[in-house]
1. Considering only the stretch 303-327, state which residues are in contact (Cβ under 8 Å) with a residue 24 or more places away in the chain and among the basic types (Lys, Arg).
2. If Gln330 passes every condition in (1) surrounded by 14 or more Cβ atoms within 10 Å (Cβ to Cβ); (2) free of Cβ contacts under 8 Å to residues at least 12 places away in the same chain but one, which one does it miss?
3. Out of (1) within 16 Å of the ligand (Cβ to nearest atom); (2) within 30 Å of Asp6 (Cα to Cα); (3) over 18 Å from the mean Cα position of the chain (by Cα), what's the single condition that is false for Phe463?
4. Counting only residues that are crowded, with 23+ Cβ neighbours inside 10 Å and over 16 Å from Lys441 (Cβ atoms), which one in the stretch 381-399 is farthest from the ligand (Cβ to nearest atom)?
5. Take Phe74 and tell me if it is surrounded by fewer than 24 Cβ atoms within 10 Å (Cβ to Cβ), without any contact (Cβ under 8 Å) to a residue 24 or more places away in the chain, farther than 21 Å from Thr478 by Cα and not charged (D, E, K, R).
6. Testing His58 on (1) crowded, with 24+ Cβ neighbours inside 10 Å; (2) of a type outside the set (Phe, Trp, Tyr); (3) within 6 Å of the ligand (Cβ to nearest atom), one condition comes back false. Which one is that?
7. Consider Gln139 carefully, then state whether it is modelled with pLDDT of 95 or more and polar (S, T, N, Q).
8. Could you go through the stretch 27-46 and let me know if any residue there is within 24 Å of Gly222 (Cβ to Cβ) and surrounded by fewer than 16 Cβ atoms within 10 Å (Cβ to Cβ).
Amino acid sequence: MSKSFDAIIIGSGLGGLTAGALFARAAGNVLLLERNASFGGAATTYQRGALTVEASLHETTPPSAPGGFNRKLFEALDIEEDIEFAPVENLHEIRCPLIGDPFVLPHGTDAIKARLVERFPHQKKNIRAFLRHVWRSRQAVDYLTGAHGGLWRLAHAAEFPLDLWAVYRDVRLSLSDVFARFFGDDEAIKFALAANLPYFADDPDDIWWIAYVMVQGGFLLGGGAYIKGGSQMLSNRLAEIIREEGGKTLAGREAVAIELGPDGEAAGVRYRSTSDGTEAVARAPTIFANAAPHVIEGMLPVASREAFMEPFQDRPLSISLLSATFGLNQRPSAFGLSSYSTLLIPSWMERFSDFKHSADLLSELPADTMPMIAVVDYSQIDSGLAESGLFPLNVVSPDRLENWQDLSDDAYRQKKDAWLAAIIRRLDEEWPGIADAVVEKTMSTARSMHEYLNTPGGAVYGFELRPPEDLPRGMPITNETAIKGLWLASAFAGFGGFTGSIACGTSAAQAAMRDRETSRG
Ligand SMILES: Cc1cc2nc3c(=O)[nH]c(=O)nc-3n(C[C@H](O)[C@H](O)[C@H](O)COP(=O)(O)OP(=O)(O)OC[C@H]3O[C@@H](n4cnc5c(N)ncnc54)[C@H](O)[C@@H]3O)c2cc1C
(Lines give C-alpha, C1' and ligand atoms only; values in the text may rest on other atoms or scores of the structure.)
Protein backbone atom coordinates (compact mmCIF):
# COMPACT_ATOMS: atom_id res chain seq x y z
CA MET A 1 0.00 0.00 0.00
CA SER A 2 1.38 3.44 -0.83
CA LYS A 3 0.26 6.77 0.52
CA SER A 4 0.06 10.01 -1.48
CA PHE A 5 1.51 13.38 -0.52
CA ASP A 6 1.94 16.76 -2.23
CA ALA A 7 5.70 16.55 -1.70
CA ILE A 8 8.32 14.22 -0.23
CA ILE A 9 11.59 15.46 1.27
CA ILE A 10 14.59 13.14 1.33
CA GLY A 11 16.76 14.29 4.24
CA SER A 12 16.09 16.70 7.08
CA GLY A 13 19.12 19.02 6.88
CA LEU A 14 18.29 22.73 6.99
CA GLY A 15 17.78 22.95 3.21
CA GLY A 16 15.26 20.09 3.27
CA LEU A 17 13.48 21.38 6.37
CA THR A 18 13.22 24.89 4.89
CA ALA A 19 11.79 23.62 1.60
CA GLY A 20 9.48 21.25 3.49
CA ALA A 21 8.13 23.84 5.93
CA LEU A 22 7.54 26.47 3.21
CA PHE A 23 5.92 23.96 0.85
CA ALA A 24 3.80 22.55 3.68
CA ARG A 25 2.47 26.02 4.51
CA ALA A 26 1.53 26.53 0.86
CA ALA A 27 0.35 23.04 -0.10
CA GLY A 28 -0.19 21.10 3.11
CA ASN A 29 0.52 17.44 2.82
CA VAL A 30 4.28 16.81 2.99
CA LEU A 31 6.29 13.73 4.00
CA LEU A 32 9.76 14.20 5.50
CA LEU A 33 12.12 11.19 5.49
CA GLU A 34 15.30 11.20 7.60
CA ARG A 35 17.62 8.22 7.98
CA ASN A 36 19.08 9.40 11.31
CA ALA A 37 17.21 9.20 14.61
CA SER A 38 16.71 12.97 14.83
CA PHE A 39 16.01 15.82 12.42
CA GLY A 40 18.41 18.57 11.34
CA GLY A 41 21.40 16.91 9.64
CA ALA A 42 24.34 19.09 10.71
CA ALA A 43 21.90 21.46 12.46
CA THR A 44 21.61 19.16 15.46
CA THR A 45 22.48 19.05 19.14
CA TYR A 46 22.87 15.91 21.22
CA GLN A 47 23.79 14.83 24.76
CA ARG A 48 27.02 13.17 25.81
CA GLY A 49 26.33 12.50 29.49
CA ALA A 50 25.55 15.89 30.99
CA LEU A 51 27.29 17.67 28.10
CA THR A 52 25.14 19.27 25.41
CA VAL A 53 27.02 18.99 22.12
CA GLU A 54 26.30 21.44 19.32
CA ALA A 55 27.04 19.48 16.14
CA SER A 56 27.69 22.51 13.95
CA LEU A 57 26.63 26.06 14.65
CA HIS A 58 29.09 28.68 15.83
CA GLU A 59 27.56 31.72 14.21
CA THR A 60 24.88 32.65 11.71
CA THR A 61 23.19 35.84 10.57
CA PRO A 62 20.33 36.69 12.93
CA PRO A 63 16.95 37.14 11.21
CA SER A 64 16.83 40.63 12.72
CA ALA A 65 19.64 41.65 10.31
CA PRO A 66 18.13 43.56 7.39
CA GLY A 67 17.66 41.59 4.16
CA GLY A 68 18.90 38.07 3.77
CA PHE A 69 17.39 34.62 3.61
CA ASN A 70 17.16 33.91 7.32
CA ARG A 71 14.91 36.91 7.75
CA LYS A 72 12.76 35.92 4.78
CA LEU A 73 12.25 32.41 6.14
CA PHE A 74 11.40 33.60 9.64
CA GLU A 75 8.92 36.16 8.29
CA ALA A 76 7.33 33.75 5.83
CA LEU A 77 6.76 31.13 8.54
CA ASP A 78 6.05 33.67 11.27
CA ILE A 79 8.51 32.06 13.69
CA GLU A 80 10.38 35.17 14.87
CA GLU A 81 8.90 34.70 18.36
CA ASP A 82 9.65 30.96 18.53
CA ILE A 83 13.42 30.95 18.11
CA GLU A 84 15.64 33.13 20.25
CA PHE A 85 19.01 34.34 19.02
CA ALA A 86 21.91 35.10 21.36
CA PRO A 87 24.01 37.91 19.85
CA VAL A 88 27.76 37.38 19.47
CA GLU A 89 29.55 40.60 20.28
CA ASN A 90 32.73 40.25 18.20
CA LEU A 91 33.34 38.18 15.10
CA HIS A 92 36.42 36.50 16.58
CA GLU A 93 39.76 36.84 18.31
CA ILE A 94 42.83 35.82 16.34
CA ARG A 95 45.97 34.47 17.93
CA CYS A 96 48.50 34.44 15.15
CA PRO A 97 52.28 34.94 15.57
CA LEU A 98 52.35 37.01 12.38
CA ILE A 99 49.88 39.54 13.85
CA GLY A 100 51.48 39.75 17.29
CA ASP A 101 49.25 40.26 20.35
CA PRO A 102 45.78 38.67 20.24
CA PHE A 103 43.63 40.68 17.85
CA VAL A 104 39.85 40.98 18.20
CA LEU A 105 37.87 41.61 15.02
CA PRO A 106 34.55 43.23 15.91
CA HIS A 107 31.30 43.25 13.90
CA GLY A 108 30.22 46.38 12.00
CA THR A 109 32.10 48.37 9.35
CA ASP A 110 33.12 51.35 11.47
CA ALA A 111 34.33 49.26 14.41
CA ILE A 112 36.28 46.95 12.08
CA LYS A 113 37.88 49.89 10.29
CA ALA A 114 38.94 51.52 13.56
CA ARG A 115 40.37 48.27 15.00
CA LEU A 116 42.24 47.36 11.82
CA VAL A 117 43.72 50.83 11.35
CA GLU A 118 44.86 50.84 14.97
CA ARG A 119 46.76 47.55 14.44
CA PHE A 120 47.88 48.12 10.84
CA PRO A 121 48.30 51.93 10.54
CA HIS A 122 50.49 51.59 7.43
CA GLN A 123 47.52 49.96 5.62
CA LYS A 124 45.00 52.68 6.53
CA LYS A 125 44.19 53.66 2.94
CA ASN A 126 43.92 50.08 1.74
CA ILE A 127 41.79 49.00 4.70
CA ARG A 128 39.28 51.72 3.95
CA ALA A 129 39.24 50.92 0.25
CA PHE A 130 38.91 47.18 0.92
CA LEU A 131 36.01 47.52 3.36
CA ARG A 132 34.26 49.92 0.99
CA HIS A 133 34.70 47.34 -1.76
CA VAL A 134 33.24 44.54 0.41
CA TRP A 135 30.35 46.80 1.37
CA ARG A 136 29.61 47.81 -2.24
CA SER A 137 29.88 44.23 -3.51
CA ARG A 138 27.61 42.99 -0.77
CA GLN A 139 25.05 45.72 -1.53
CA ALA A 140 25.08 44.73 -5.20
CA VAL A 141 24.62 41.03 -4.34
CA ASP A 142 21.71 41.95 -2.05
CA TYR A 143 20.23 44.16 -4.77
CA LEU A 144 20.55 41.51 -7.49
CA THR A 145 19.17 38.70 -5.35
CA GLY A 146 16.20 40.70 -4.09
CA ALA A 147 17.30 40.26 -0.48
CA HIS A 148 15.60 43.53 0.50
CA GLY A 149 12.16 44.95 -0.17
CA GLY A 150 11.14 47.64 -2.71
CA LEU A 151 11.77 50.60 -0.38
CA TRP A 152 15.37 49.59 0.26
CA ARG A 153 15.93 49.11 -3.48
CA LEU A 154 14.48 52.53 -4.20
CA ALA A 155 16.66 54.15 -1.53
CA HIS A 156 19.78 52.47 -2.95
CA ALA A 157 19.01 52.97 -6.65
CA ALA A 158 21.43 55.90 -7.00
CA GLU A 159 24.37 53.90 -5.63
CA PHE A 160 23.51 50.82 -7.61
CA PRO A 161 25.73 51.50 -10.68
CA LEU A 162 28.84 51.83 -8.46
CA ASP A 163 27.88 48.77 -6.43
CA LEU A 164 27.32 46.82 -9.61
CA TRP A 165 30.71 47.84 -10.95
CA ALA A 166 32.34 46.67 -7.71
CA VAL A 167 30.79 43.23 -7.95
CA TYR A 168 31.30 42.72 -11.69
CA ARG A 169 34.88 43.95 -11.62
CA ASP A 170 35.91 40.99 -9.47
CA VAL A 171 33.22 38.47 -10.26
CA ARG A 172 35.71 36.00 -11.77
CA LEU A 173 38.41 36.40 -9.11
CA SER A 174 39.44 34.38 -6.07
CA LEU A 175 39.83 35.71 -2.54
CA SER A 176 43.63 35.58 -2.98
CA ASP A 177 43.41 37.70 -6.16
CA VAL A 178 41.45 40.47 -4.46
CA PHE A 179 43.51 40.36 -1.26
CA ALA A 180 46.68 40.71 -3.35
CA ARG A 181 45.30 43.76 -5.16
CA PHE A 182 44.56 45.57 -1.89
CA PHE A 183 47.30 44.31 0.41
CA GLY A 184 50.10 42.91 -1.77
CA ASP A 185 52.08 40.41 0.27
CA ASP A 186 51.14 41.78 3.69
CA GLU A 187 50.03 38.38 4.97
CA ALA A 188 49.25 39.53 8.53
CA ILE A 189 46.32 41.73 7.52
CA LYS A 190 44.88 38.94 5.38
CA PHE A 191 44.85 36.69 8.44
CA ALA A 192 43.25 39.51 10.43
CA LEU A 193 40.45 39.83 7.87
CA ALA A 194 39.78 36.18 7.14
CA ALA A 195 41.38 33.85 9.68
CA ASN A 196 38.00 32.11 9.93
CA LEU A 197 38.23 31.09 6.26
CA PRO A 198 38.16 27.36 7.16
CA TYR A 199 34.59 27.82 8.30
CA PHE A 200 33.69 27.59 4.63
CA ALA A 201 36.83 26.77 2.56
CA ASP A 202 40.50 26.09 3.05
CA ASP A 203 42.14 27.35 -0.12
CA PRO A 204 41.99 31.12 -0.69
CA ASP A 205 43.47 30.62 -4.17
CA ASP A 206 40.39 28.62 -5.19
CA ILE A 207 37.58 30.20 -3.22
CA TRP A 208 35.40 32.64 -5.14
CA TRP A 209 35.73 36.25 -4.02
CA ILE A 210 31.93 36.60 -4.10
CA ALA A 211 31.62 33.68 -1.65
CA TYR A 212 33.77 35.68 0.78
CA VAL A 213 31.57 38.74 0.18
CA MET A 214 28.43 36.74 0.89
CA VAL A 215 29.65 34.81 3.94
CA GLN A 216 32.24 37.01 5.61
CA GLY A 217 30.69 40.23 4.29
CA GLY A 218 27.44 39.23 6.01
CA PHE A 219 29.21 38.78 9.35
CA LEU A 220 31.46 41.83 9.03
CA LEU A 221 28.64 44.16 8.12
CA GLY A 222 25.58 42.59 9.73
CA GLY A 223 26.86 40.84 12.87
CA GLY A 224 26.31 37.27 14.01
CA ALA A 225 24.35 35.25 16.52
CA TYR A 226 23.84 31.77 17.96
CA ILE A 227 20.47 30.01 18.22
CA LYS A 228 19.72 29.91 21.94
CA GLY A 229 19.43 26.31 23.12
CA GLY A 230 21.24 25.01 20.02
CA SER A 231 20.63 24.57 16.30
CA GLN A 232 18.25 21.68 17.08
CA MET A 233 15.69 24.28 18.19
CA LEU A 234 15.38 25.60 14.65
CA SER A 235 15.39 22.12 13.07
CA ASN A 236 12.66 20.91 15.44
CA ARG A 237 10.51 23.98 14.82
CA LEU A 238 10.70 23.54 11.04
CA ALA A 239 9.81 19.83 11.34
CA GLU A 240 6.93 20.80 13.63
CA ILE A 241 5.52 23.15 10.97
CA ILE A 242 5.35 20.24 8.54
CA ARG A 243 3.29 18.29 11.11
CA GLU A 244 1.12 21.32 11.98
CA GLU A 245 0.15 21.57 8.31
CA GLY A 246 -0.99 17.95 8.26
CA GLY A 247 2.24 16.41 6.97
CA LYS A 248 4.29 13.54 8.39
CA THR A 249 7.90 13.54 9.64
CA LEU A 250 9.60 10.14 9.87
CA ALA A 251 13.04 9.69 11.46
CA GLY A 252 14.91 6.41 11.08
CA ARG A 253 13.68 6.06 7.47
CA GLU A 254 16.20 5.88 4.66
CA ALA A 255 15.05 6.70 1.14
CA VAL A 256 16.32 3.91 -1.14
CA ALA A 257 14.72 4.53 -4.55
CA ILE A 258 13.00 7.30 -6.46
CA GLU A 259 10.19 6.05 -8.67
CA LEU A 260 9.47 7.84 -11.93
CA GLY A 261 6.20 8.21 -13.85
CA PRO A 262 5.56 7.28 -17.50
CA ASP A 263 7.22 10.49 -18.80
CA GLY A 264 10.27 10.16 -16.55
CA GLU A 265 8.88 12.58 -13.96
CA ALA A 266 9.24 12.21 -10.17
CA ALA A 267 6.41 10.07 -8.84
CA GLY A 268 7.36 8.54 -5.50
CA VAL A 269 9.98 7.34 -3.04
CA ARG A 270 10.64 3.88 -1.65
CA TYR A 271 12.06 3.99 1.85
CA ARG A 272 13.27 1.56 4.48
CA SER A 273 13.07 1.58 8.25
CA THR A 274 16.59 1.65 9.70
CA SER A 275 15.41 -0.34 12.74
CA ASP A 276 13.57 -3.32 11.21
CA GLY A 277 14.29 -3.04 7.48
CA THR A 278 10.64 -2.89 6.43
CA GLU A 279 10.00 -0.98 3.22
CA ALA A 280 7.18 1.29 2.12
CA VAL A 281 6.41 3.52 -0.87
CA ALA A 282 5.05 7.07 -0.77
CA ARG A 283 3.79 8.90 -3.85
CA ALA A 284 4.13 12.60 -4.69
CA PRO A 285 4.62 14.70 -7.84
CA THR A 286 7.23 16.86 -6.05
CA ILE A 287 10.38 15.52 -4.40
CA PHE A 288 12.95 17.67 -2.59
CA ALA A 289 16.42 16.13 -2.43
CA ASN A 290 18.24 17.27 0.69
CA ALA A 291 20.55 14.26 0.44
CA ALA A 292 23.62 14.95 -1.75
CA PRO A 293 23.18 14.52 -5.54
CA HIS A 294 25.69 11.63 -5.38
CA VAL A 295 23.28 9.76 -3.08
CA ILE A 296 20.18 10.68 -5.11
CA GLU A 297 21.89 9.38 -8.27
CA GLY A 298 21.97 5.87 -6.81
CA MET A 299 18.22 6.02 -6.06
CA LEU A 300 17.25 6.73 -9.67
CA PRO A 301 16.58 4.15 -12.36
CA VAL A 302 19.89 3.42 -14.13
CA ALA A 303 18.72 5.02 -17.40
CA SER A 304 18.14 8.41 -15.72
CA ARG A 305 21.35 8.63 -13.71
CA GLU A 306 23.72 10.11 -16.27
CA ALA A 307 21.45 13.03 -17.22
CA PHE A 308 20.73 13.77 -13.56
CA MET A 309 24.40 13.74 -12.54
CA GLU A 310 25.78 15.55 -15.56
CA PRO A 311 25.79 19.10 -14.02
CA PHE A 312 27.51 17.88 -10.84
CA GLN A 313 29.97 15.37 -12.27
CA ASP A 314 33.11 17.48 -12.22
CA ARG A 315 32.37 19.84 -9.37
CA PRO A 316 34.88 19.73 -6.49
CA LEU A 317 33.47 19.17 -3.03
CA SER A 318 33.65 21.65 -0.17
CA ILE A 319 35.80 20.93 2.85
CA SER A 320 34.81 18.75 5.76
CA LEU A 321 35.46 19.61 9.41
CA LEU A 322 36.81 17.90 12.48
CA SER A 323 34.77 18.94 15.50
CA ALA A 324 35.73 18.22 19.12
CA THR A 325 33.58 19.20 22.09
CA PHE A 326 34.81 19.32 25.66
CA GLY A 327 32.71 19.59 28.80
CA LEU A 328 34.51 21.66 31.45
CA ASN A 329 33.65 21.77 35.13
CA GLN A 330 34.64 25.46 35.23
CA ARG A 331 33.99 28.34 32.89
CA PRO A 332 36.78 28.58 30.29
CA SER A 333 37.05 32.26 31.22
CA ALA A 334 38.55 31.12 34.55
CA PHE A 335 41.65 30.14 32.49
CA GLY A 336 41.82 33.42 30.58
CA LEU A 337 39.71 32.56 27.53
CA SER A 338 37.92 35.84 26.85
CA SER A 339 36.21 35.58 23.45
CA TYR A 340 33.26 33.58 22.17
CA SER A 341 35.32 32.56 19.14
CA THR A 342 39.12 32.34 19.11
CA LEU A 343 41.21 31.27 16.12
CA LEU A 344 44.57 29.70 16.89
CA ILE A 345 46.83 30.09 13.86
CA PRO A 346 50.04 28.07 14.23
CA SER A 347 53.45 29.64 13.61
CA TRP A 348 54.14 27.45 10.52
CA MET A 349 51.38 29.35 8.72
CA GLU A 350 53.34 32.28 7.32
CA ARG A 351 51.30 32.88 4.20
CA PHE A 352 47.55 33.23 3.99
CA SER A 353 47.43 30.44 1.38
CA ASP A 354 48.97 28.05 3.95
CA PHE A 355 45.43 27.33 5.14
CA LYS A 356 45.26 24.68 2.43
CA HIS A 357 47.92 22.59 4.22
CA SER A 358 46.17 22.52 7.59
CA ALA A 359 43.95 19.47 6.90
CA ASP A 360 46.99 17.49 5.65
CA LEU A 361 48.33 17.32 9.21
CA LEU A 362 45.36 15.18 10.23
CA SER A 363 46.48 12.45 7.84
CA GLU A 364 49.12 11.40 10.39
CA LEU A 365 49.20 10.93 14.13
CA PRO A 366 49.76 14.23 15.94
CA ALA A 367 53.35 15.47 16.08
CA ASP A 368 54.89 18.85 16.92
CA THR A 369 53.02 20.76 14.23
CA MET A 370 49.34 21.44 14.87
CA PRO A 371 46.62 22.44 12.37
CA MET A 372 44.77 25.73 12.76
CA ILE A 373 41.85 25.44 15.14
CA ALA A 374 38.80 27.57 15.90
CA VAL A 375 37.68 27.47 19.53
CA VAL A 376 34.16 28.43 20.59
CA ASP A 377 33.25 28.98 24.22
CA TYR A 378 29.46 28.75 24.42
CA SER A 379 29.48 30.07 27.98
CA GLN A 380 30.64 33.53 26.81
CA ILE A 381 27.11 34.24 25.53
CA ASP A 382 23.57 33.37 26.56
CA SER A 383 23.70 30.17 24.47
CA GLY A 384 21.52 28.03 26.74
CA LEU A 385 24.04 25.17 26.42
CA ALA A 386 25.66 25.36 29.85
CA GLU A 387 22.52 24.81 31.93
CA SER A 388 23.68 21.44 33.34
CA GLY A 389 26.74 23.03 34.94
CA LEU A 390 29.11 21.57 32.34
CA PHE A 391 30.58 24.30 30.13
CA PRO A 392 30.86 23.26 26.46
CA LEU A 393 33.95 24.28 24.50
CA ASN A 394 34.00 23.35 20.82
CA VAL A 395 36.99 23.13 18.49
CA VAL A 396 36.79 22.83 14.70
CA SER A 397 39.51 22.35 12.11
CA PRO A 398 39.43 21.71 8.35
CA ASP A 399 39.47 17.99 7.60
CA ARG A 400 39.21 15.51 4.73
CA LEU A 401 37.73 12.03 4.51
CA GLU A 402 41.04 10.64 3.16
CA ASN A 403 42.59 11.35 6.57
CA TRP A 404 40.42 8.67 8.20
CA GLN A 405 38.68 6.45 5.67
CA ASP A 406 41.09 3.56 5.21
CA LEU A 407 41.70 2.87 8.90
CA SER A 408 40.39 -0.23 10.70
CA ASP A 409 37.92 0.53 13.50
CA ASP A 410 40.67 0.09 16.11
CA ALA A 411 43.19 2.26 14.30
CA TYR A 412 40.50 4.90 13.75
CA ARG A 413 39.65 4.97 17.46
CA GLN A 414 43.30 5.21 18.46
CA LYS A 415 44.00 8.02 16.01
CA LYS A 416 40.93 9.93 17.18
CA ASP A 417 42.02 9.56 20.81
CA ALA A 418 45.51 10.78 19.93
CA TRP A 419 44.13 13.87 18.20
CA LEU A 420 41.70 14.60 21.04
CA ALA A 421 44.64 14.50 23.47
CA ALA A 422 46.73 16.73 21.16
CA ILE A 423 43.93 19.30 20.94
CA ILE A 424 43.58 19.37 24.73
CA ARG A 425 47.37 19.89 25.03
CA ARG A 426 47.14 22.76 22.53
CA LEU A 427 44.31 24.40 24.49
CA ASP A 428 46.29 23.98 27.70
CA GLU A 429 49.35 25.62 26.14
CA GLU A 430 47.21 28.65 25.28
CA TRP A 431 45.17 28.72 28.50
CA PRO A 432 47.17 26.91 31.20
CA GLY A 433 45.14 24.75 33.56
CA ILE A 434 42.22 24.22 31.16
CA ALA A 435 43.11 20.54 30.53
CA ASP A 436 42.40 19.62 34.17
CA ALA A 437 38.89 21.05 33.89
CA VAL A 438 37.89 18.70 31.02
CA VAL A 439 35.49 16.06 32.35
CA GLU A 440 33.72 15.04 29.12
CA LYS A 441 34.96 14.91 25.53
CA THR A 442 33.82 13.75 22.14
CA MET A 443 35.08 14.17 18.58
CA SER A 444 33.65 13.91 15.06
CA THR A 445 35.92 13.64 12.04
CA ALA A 446 35.34 13.96 8.30
CA ARG A 447 34.53 10.22 8.48
CA SER A 448 31.79 10.90 11.05
CA MET A 449 30.41 13.70 8.81
CA HIS A 450 30.41 11.31 5.85
CA GLU A 451 28.61 8.62 7.85
CA TYR A 452 26.14 10.90 9.63
CA LEU A 453 25.26 13.31 6.84
CA ASN A 454 25.73 10.78 4.00
CA THR A 455 27.67 13.40 2.02
CA PRO A 456 30.54 12.47 -0.33
CA GLY A 457 33.88 13.23 1.26
CA GLY A 458 32.05 14.27 4.43
CA ALA A 459 31.50 17.68 2.74
CA VAL A 460 29.65 20.06 5.05
CA TYR A 461 29.14 22.99 2.64
CA GLY A 462 28.06 21.20 -0.55
CA PHE A 463 30.30 21.96 -3.51
CA GLU A 464 33.32 24.23 -3.31
CA LEU A 465 32.52 27.70 -4.63
CA ARG A 466 35.22 28.39 -7.23
CA PRO A 467 35.42 31.53 -9.38
CA PRO A 468 33.20 30.98 -12.44
CA GLU A 469 34.64 30.90 -15.95
CA ASP A 470 31.66 32.82 -17.39
CA LEU A 471 29.78 35.76 -16.01
CA PRO A 472 27.11 34.37 -13.65
CA ARG A 473 23.54 35.34 -14.52
CA GLY A 474 22.22 35.45 -10.95
CA MET A 475 22.51 33.73 -7.59
CA PRO A 476 24.67 30.61 -7.77
CA ILE A 477 21.72 28.39 -6.84
CA THR A 478 20.40 25.55 -9.04
CA ASN A 479 17.43 23.67 -7.68
CA GLU A 480 16.15 22.27 -10.95
CA THR A 481 17.35 18.82 -12.04
CA ALA A 482 17.04 16.76 -15.21
CA ILE A 483 14.13 14.90 -13.57
CA LYS A 484 10.91 16.87 -13.68
CA GLY A 485 9.52 17.38 -10.18
CA LEU A 486 12.82 16.54 -8.43
CA TRP A 487 14.43 19.62 -6.82
CA LEU A 488 17.72 19.99 -4.98
CA ALA A 489 17.22 21.54 -1.53
CA SER A 490 20.58 21.36 0.25
CA ALA A 491 23.96 23.06 0.39
CA PHE A 492 24.71 21.18 -2.88
CA ALA A 493 22.15 23.36 -4.68
CA GLY A 494 24.28 26.46 -4.23
CA PHE A 495 26.23 27.14 -1.09
CA GLY A 496 26.28 25.90 2.46
CA GLY A 497 26.27 27.20 5.97
CA PHE A 498 23.01 27.90 7.77
CA THR A 499 22.11 30.89 5.62
CA GLY A 500 23.22 29.15 2.42
CA SER A 501 21.20 25.98 3.06
CA ILE A 502 18.19 28.06 4.06
CA ALA A 503 18.58 30.08 0.82
CA CYS A 504 18.75 26.84 -1.23
CA GLY A 505 15.69 25.40 0.54
CA THR A 506 13.72 28.62 0.08
CA SER A 507 14.41 28.84 -3.63
CA ALA A 508 13.62 25.11 -4.05
CA ALA A 509 10.19 25.60 -2.46
CA GLN A 510 9.54 28.68 -4.61
CA ALA A 511 10.60 26.92 -7.82
CA ALA A 512 8.44 23.86 -7.04
CA MET A 513 5.42 26.05 -6.24
CA ARG A 514 5.82 27.97 -9.50
CA ASP A 515 6.07 24.71 -11.41
CA ARG A 516 2.99 23.34 -9.68
CA GLU A 517 0.98 26.43 -10.57
CA THR A 518 2.15 26.32 -14.20
CA SER A 519 1.24 22.62 -14.50
CA ARG A 520 -2.22 23.36 -13.14
CA GLY A 521 -2.56 26.06 -15.81
C1 LIG B 1 31.30 21.11 12.66
C2 LIG B 1 30.48 22.04 11.80
C3 LIG B 1 30.47 23.40 12.08
C4 LIG B 1 29.71 24.27 11.30
N5 LIG B 1 29.63 25.58 11.65
C6 LIG B 1 28.79 26.41 10.97
C7 LIG B 1 28.58 27.75 11.41
O8 LIG B 1 29.09 28.18 12.45
N9 LIG B 1 27.77 28.54 10.67
C10 LIG B 1 27.15 28.10 9.54
O11 LIG B 1 26.41 28.87 8.91
N12 LIG B 1 27.33 26.83 9.10
C13 LIG B 1 28.11 25.97 9.80
N14 LIG B 1 28.28 24.68 9.39
C15 LIG B 1 27.72 24.25 8.07
C16 LIG B 1 26.20 23.96 8.08
O17 LIG B 1 25.86 23.27 9.26
C18 LIG B 1 25.83 23.11 6.86
O19 LIG B 1 26.35 23.71 5.68
C20 LIG B 1 24.32 22.97 6.66
O21 LIG B 1 23.67 22.68 7.88
C22 LIG B 1 24.04 21.87 5.63
O23 LIG B 1 22.65 21.69 5.46
P24 LIG B 1 22.05 20.78 4.32
O25 LIG B 1 20.64 21.21 4.11
O26 LIG B 1 22.92 20.76 3.12
O27 LIG B 1 21.95 19.29 4.91
P28 LIG B 1 22.86 18.36 5.83
O29 LIG B 1 23.04 18.99 7.16
O30 LIG B 1 24.06 17.90 5.10
O31 LIG B 1 21.87 17.12 6.05
C32 LIG B 1 21.57 16.18 5.05
C33 LIG B 1 20.56 15.20 5.67
O34 LIG B 1 20.12 14.27 4.67
C35 LIG B 1 19.97 13.00 5.31
N36 LIG B 1 20.00 11.93 4.31
C37 LIG B 1 21.03 11.63 3.47
N38 LIG B 1 20.71 10.56 2.71
C39 LIG B 1 19.44 10.19 3.08
C40 LIG B 1 18.56 9.14 2.66
N41 LIG B 1 18.90 8.25 1.72
N42 LIG B 1 17.35 9.05 3.25
C43 LIG B 1 16.95 9.91 4.24
N44 LIG B 1 17.78 10.92 4.67
C45 LIG B 1 18.99 11.06 4.10
C46 LIG B 1 21.17 12.95 6.25
O47 LIG B 1 21.02 11.94 7.23
C48 LIG B 1 21.17 14.38 6.82
O49 LIG B 1 20.33 14.47 7.95
C50 LIG B 1 29.00 23.77 10.16
C51 LIG B 1 29.01 22.40 9.88
C52 LIG B 1 29.72 21.53 10.69
C53 LIG B 1 29.67 20.05 10.42
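The values are calculated or read from the model by the stated rules, or taken from the named source; none is laboratory data. Please read these numbers as outputs of a predicted model, since none were measured by experiment. Positions of Cβ are backbone-derived with ideal geometry, glycine not excepted, and every protein chain shown enters the neighbour counts.
1. In the first step, residues of the stretch 303-327 are kept if they are in contact (Cβ under 8 Å) with a residue 24 or more places away in the chain; the result is 304, 307-308, 310-312, 315-327.
The one that is in contact (Cβ under 8 Å) with a residue 24 or more places away in the chain and among the basic types (Lys, Arg): Arg315.
2. Tallying (1) surrounded by 14 or more Cβ atoms within 10 Å (Cβ to Cβ); (2) free of Cβ contacts under 8 Å to residues at least 12 places away in the same chain, Gln330 fails exactly one: (2).
3. (3)
4. Filtering the stretch 381-399 for residues that are crowded, with 23+ Cβ neighbours inside 10 Å and over 16 Å from Lys441 (Cβ atoms), the one farthest from the ligand (Cβ to nearest atom) comes out as Ser383.
5. The answer is yes for Phe74.
6. Result: His58 passes all but (1).
7. On the way: modelled with pLDDT of 95 or more: no; polar (S, T, N, Q): yes.
No, not satisfied.
8. No: zero hits.
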